[in-house]
Each structure stands twice: as C-alpha cells, then as structure tokens.
1. Quick one: dipole size for the protein assembly as shown, taken about the Cα centre, charges +1 on Lys/Arg Cβ and -1 on Asp/Glu Cβ, in debye to the nearest 20.
2. Any idea what Rg and Dmax come out to for the range B:246-296 if you just take the C-alpha atoms, in Å?
3. Using only DSSP helix segments of four residues or longer, with each worth -39500 (n - 2.57), what per-residue ellipticity at 222 nm results for chain A after dividing by its residue count and rounding to 500?
4. What relative contact order, as a whole-number percentage, does chain B give when Cα pairs under 8 Å and 6 or more residues apart are counted?
5. Once Rh for the protein assembly as shown is found with the Kirkwood sum over Cα pairs, what is the Stokes-Einstein diffusion coefficient at 25 °C and 0.890 mPa s, in µm²/s?
6. Please work out the Cα center distance from the range A:205-260 to the range B:231-288, rounded to the nearest Å.
7. Provide the per-residue ³J(HN,Hα) series for the range A:105-114, in order, calculated from phi with Karplus coefficients 6.51, -1.76, 1.60 and θ = phi - 60°, each as a whole number of Hz, with x at glycine and proline positions.
8. Between helix A:235-256 and chain A, what is the angle of the helix's C-alpha long axis to the longest principal axis, kept within 0 to 90° and rounded to the nearest 10?
Amino acid sequence: MTRHLTITAGLLAAIASTTPAAAERLVTSISRHQVMVNSSFTGTSIVLFGTVEPDTPASRRRAAGYDVVVTVTGPRQTIVERRKERVLGIWTNIGSRTFLNVPSYLAVLSNQPFEQITNPETIRQLQLGLADKVFPQVLGNDIGDVARDDSFRSNFLRLKTQHQLYVQKTNGVTLLTPTVFRAEIPLPAEAPIGNYDVDVKVLADSALLTRANSAFEIIKVGFEQFVANAAQQYGLLYGITTAMMAIMTGWFAAVVFRRD
Amino acid sequence: MQIYLPIADLPVDIFLVLAMGLAVGFISGMFGIGGGFLMTPLLIFIGISPAVAVASVASHIAASSCSGVISYWRRRAVDLALGLMLLAGGILGTAVGVWLFTVLRGLGQLDLTIGISYVVLLSTVGGLMVSESMRAILREQQGKPATPRRGGAHTWAHGLPLKMRFKRSKIYVSAIPVWMIGFIIGFVGAVMGIGGGFLLVPMLIYFLRVPTTTVIGTSMVLTLVTMASATVMHAATNHLVDAVLALILMVGGVIGAQFGARAGQNMRGERLRLLLGLLVLAVGLRFAFQLVVQPDDLYSIRMLGAE
C-alpha cells in the first residue's frame, strides 16, 4: 500500500526503454488508474493503448513487425491448495501445498501465440505464458517452484483460471496499425482490492526490444469502504450494531406481521 | 440485481439471497431451529468464503429467532425460566467447545472431524425423530391413544435432585439435565459452527418432556442469545461479518420465520417432528454422500486464513 502511483500529467505515462540496445520507444496509457468498487460493482475492464516508435532507420525496416505481451499482476496472496483422497471409503483432504506470495490476479495478453512470437528458450527466460511464471511453493523446508507438469501446480493454475483470476489470451492484444496496439484487461468482480502492475513487453524477431511499466489500483469507495473500514477498525462496535440490526429487524417483522 | 458485498468481496444476486433467507427463515420459524446447518452450506455454494458465511449467518439466525420469539411470546409459548437455565449451561458449553475447536485445528483434519460429526449427529437425530414420530402417527391411526403424556410419565431425568418447577411448560424437573442439555448445545454449536436448535428441540421433548407448545419458543430464546453474541464475537475477533449480506438474509429470514411460525402452530406435534426428522436426516445423508462419493474436483484452493 506504500507504493505510489505513477500518474503523470495527463493520462500518458511514458517510460523510457530499459533495454540499452533498443532502437524503439514504447509509450503506453491505460484508461483508468483507479477502479472504484461500489455496491453495483460486477467487474469491469481496463483498456491499455500503446505505440511503438521506431527511432532508427534500421528499426523502421523491421520485416516481421512487432509483437506485444501485456502482463498484469494483482496483489500477492498466500494460497493453500488441498487435494482430496479416499481413505477408508471417505474422501478427505490428504495432501496440501502452500503457494507463497503468488499473484491473486494474473493476466497475460498477447497479439499471437507465444510459440509464433519467439523460441521456447526466450519464452521461458521472459516467463511469457501463464505456466512459465514462477510460483514459489513450500516444499518441506525449502521454498521453490516445481516442474510444470506437477499436479498441484497445474491444478492451481486450472482453478485460478476457472475463477477468471488467472487469464491467458493470445489474442488479447490487437495491433491497430503495425505500431499502435490496444489491449483490454478483464477484471472480474472477485479481483481483490489493491495495486495492480501492468508490464508491457515489445518483441521483434524473437527478441525483447523494450518494455514499459504502469499501474492501477482497485479501491472500495463510498458505502463499501465505510462498511469495510468499520468492520476492520471498530470490530466490537460493528458487531454490536449488526446484532442490534438483527434484533430490530426481527422485532419489526413481528410488529408488521402481527395479526391478532 | 447484483449487489457487491463489502466484506465478502464479491457481487451476489440480491433476489437469490433474499429467497434463500425466506426459505431458511420459514423452516426456522416452523421448527424453532436456527437453520444455520442449511444456510451456511448454501452461502458457500454461491461462492462466499466459509469464514464469512459462518460469521454472517449468525446474525441472520439472530434476526429470525428474534422475530420468532416475539410471535411465540404473544401466544404465551415461551418458557423464559427454562430458556435462561439452558443458557447458563450453554455459555459454559460454548467456552469448552471453542477450546476443543482450537485443539482440533492444531491437530489438523478439522474438516474431516466436522464432516463426520455432521453425518453421525444429523443421521442419528434425524433417524430417531423419524422413527419415533412415525410410530406415534401409526398408533394414532390404529385408534390407540396418542403418545402418553401424563403426569406420571417420567424419564431418568426426573429422578435427579435440584428440582425446579417450570410453570409455562408445566414440568417439574431437576436443573441438572437442563444445564447438561444447555452445555451440550453450546459445545456442539461452537465445535460444529451450528446453532444447535435441531438438537435442542428433540432433547427438550424426549428428555425433559417439554410440551410441543412451548418447546419451539423456548428453543428460540436460546438461539437468539447465542447467535447475537456469536455475531459480536465474530465481528470483534475475525472482522468477517458482512453486514450487507446479513441484512439481506435477515429481511428474507424474518418474513419467512413469521409464516413458518404460523404454519408450525397449525400442525400436529407428531407431523411437525416427522418433518423436522426428515429434514435433519436428509441433510445428514447429504453430508454422508459428500464424504463417500468422489468429488467433481479433487483440488481446492483457498487464501490462507480464509477458512
């Protein structure tokens, strides 16, 4: 919560390239830096626009065109995954795996399948796909990631994807012109409150050219914020109020429905 | 119409939740039970985390039982003295139950313990109630006198010292079994996260011979006090009571409870017991089914601390 938003004047957040050899400048902008959660919030989406500006004549002549990969990472959580097994005829949680500080929300959007963008080596190195990311897990006394075909790991990704909290769309980025792109970041209603980092990578000829970072946050506003704060900071008072509300509701119904 | 819940952190259909409150409220008013053992699984089913569900259901049960208590009170069907005596045992039972809950969680396998307890408890209680009330109904149809409920019909509970007279219920029993029943209800409620009304009603009927007319109203007094304090405790310690969710459930619940109470008053005692027995048995069998049938998904994920 201490991280400051990189809101620059206007909506354009231009970040200089981090790759020294790059001859491209990447400029991105997101439609909103704050998503307000009120009582009618049922999920939303944020639109990201960007342009790649070739600086040198050599880069202007790039034949294959640019590829864009957008990664959105939500606030981190520690998640316990459990597996049921049959013991004496009863299905019960036997195995469990703890995922330490993994993104609560993770979206990977690109303009085409990663295999067509670059080679497997680079995909792994840049952790392009959902399954290529590192998910630290508690393994005995160690903390580390496991092979991709590990059942806990793959089922973790499957469940997160089912809840629409992990998203991978290889057609999620649209190139409006060879240098201008647009991506829509889907945010389900279950997306947790907090800061979200947006990382945009531009690749060409199987190599990373440049990347840019941006951010947005999801916050509760109005009544939702009031209730959440009250519950957190004045627990006892909040509880007494809720209990009183219950008694009043019950009493009110008994009075309204009185027939005799 | 969707509404975003501030503590549960997800949107729900307001009419669906209202309908759930109505249905469970009806059952709760009719049988004098809290209905937590029905509502909590329903809320978890629509995606609310178990901890928020358990904490918010407590206030819903408090509201339903409050409305029930008032309407039974008007019909002079509440034995306040008996309710207060039960409560005395219930508070101690809750404290011991919370302690055991912590111990069990430390040992792991709390899920399984709760699952098996649900199956054993609900199936046994439901089965006993069904068979007893069926026998009563059959006896009545054969023209024989209904369940003997004369002054001389005593159980072992009547032979103990510290006798007290509960005027409203027209019973004269020892305070010891009353405290014991209160203790068991408080204990089971804390360990299993249920109000325990479905256990309390048959126990009062079979062990103390409390007449059907006062048993429900009295049971509701106990439920009201325990659930109102559970709401405050949950809110103060876990901060997981969703007031918006609770309010929607309450509004549905109190309306349902009013109609339920009316339906219950118009029904014969044996029939009411048979219906409640069937309901309890059905929920017990459903839990048993869940334990023995291979689940659709063997894997589940949950945020640490959200259980």
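No lab work stands behind these numbers, since they all come straight from the coordinates. Note that the coordinates shown come from a computational prediction; the quantities given were computed from them, not determined experimentally. Cβ sites come from the backbone with ideal geometry, for glycine too, and all protein chains shown count toward neighbours.
1. Dipole of the protein assembly as shown, to the nearest 20 debye: 2740 debye.
2. 15.6, 42
3. Helix contribution divided over all residues of chain A: -7000 deg cm²/dmol.
4. 40 percent
5. It comes out at roughly 91 µm²/s.
6. If you average the Cα positions of each part, the centres end up 24 Å apart.
7. Using θ = phi - 60°, the values come out as 9, 8, 10, 10, 10, 9, 8, 7, x, 4 Hz.
8. It is inclined by approximately 60 degrees.
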